[in-house]
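**Student:** Let me give you the structure first, and then I'll get to my questions.
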Amino acid sequence: MSNTATTTSRAPTAVTDTVRTVAGEGDVIDFSSAVDALITWGRRSTRARTKPRRSIKLGSYSASERLIRVHPVLDKPWVPRYFVSYIVYHEMLHHVIPSSQGSGRRMLHPPLFQERERLFRDFERSLAWERAHIGRLLRAA
Ligand SMILES: [Zn+2]
């Protein structure tokens, strides 16, 4: 998924090409089971907001639909590509590593998930970018 090419097409597409883009440069994650997932931009809310937005879900994964949704606010020229890749990577991990049942509590990000997430080559850089730009993202969403 590029920041520019997909703005007109909102239909879910196979995640295969995105997997190649995201995991392409020698990443250690085996995403062979992710190729049957789909990816799409999330829909923009049409409801007018009465209060300023205080949080934002930049990506989501629906296990029942096998569908990754990426927030349309990331479809902006000032959002670096590695950050979009990080969001997609994170959601693909949800597809590959199901949430586990801990001691009665559902763990959305079990230790194995977190371990593998840190293997993303721009992990620290992406977190730093998010911290630095969260205000702008919230205003732009
Ligand atoms: Zn998550």
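What follows draws every value from the coordinates through simple rules; no lab data is involved. Quantities reported herein were computed from a predicted structural model and do not represent experimental measurements. Cβ atoms come from the backbone with ideal geometry, glycine included; neighbour counts cover every protein chain shown.
**Student:** Which of HIS133, HIS94 has the fewest other C-beta atoms within 10 Å, and how do the rest follow up to the most?
**Tutor:** Numbers: HIS133 15, HIS94 20.
If I rank by nearby Cβ atoms, fewest first, I get HIS133, HIS94.
**Student:** So how far apart, in nm, are the two label points at LEU112 and THR50 if each is 7 Å from Cα heading toward Cβ?
**Tutor:** 4.5
**Student:** Can you figure out the FRET efficiency of ILE134 with GLN101, using R₀ = 25 Å and their beta-carbon distance, to the nearest 0.05?
**Tutor:** Working: r = 31 Å, r/R0 = 1.25.
After rounding, the FRET efficiency stands at 0.20.
**Student:** Using amide H atoms built in the peptide plane, which far-off residues or other-chain residues are under 5 Å from ASP122 H to H?
**Tutor:** none
**Student:** Also, quick follow-up: What does the extension gain come out to for ARG81 and SER60, with contour length at 0.36 nm per residue minus their alpha carbon separation? Before the final figure, lay out each step's value.
**Tutor:** Numbers: separation 21, 0.36 × 21 = 7.56 nm, distance 1.77 nm.
Gain on stretching ARG81 to SER60: 5.8 nm.
**Student:** Tally Lys/Arg at +1 and Asp/Glu at -1 over every other residue whose Cβ is under 13 Å from the Cβ of GLY135; what's the total? Mind dumping the intermediate values first?
**Tutor:** Numbers: positive: ARG53, ARG54, ARG131, ARG136, ARG139; negative: GLU130.
Charge balance near GLY135 sits at +4.
**Student:** While we're here: Eigenvalues of the Cα gyration tensor times 5, then square-rooted: what semi-axes does that give for the stretch 34-141, in whole angstrom, largest first? If you can, show how the numbers build up before the last one.
**Tutor:** Details: eigenvalues 115, 59, 44 Å².
For the stretch 34-141, the semi-axes come out at 24, 17, 15 Å.
**Student:** Further question on the same structure: How large is ³J(HN,Hα), in whole Hz, for each residue of the stretch 69-86 in order, when computed from phi with the Karplus curve 6.51 cos²θ - 1.76 cosθ + 1.60 and θ = phi - 60°, using x for Gly and Pro?
**Tutor:** 10, 10, 4, x, 5, 7, 8, 10, x, 8, 8, x, 4, 5, 6, 4, 4, 4
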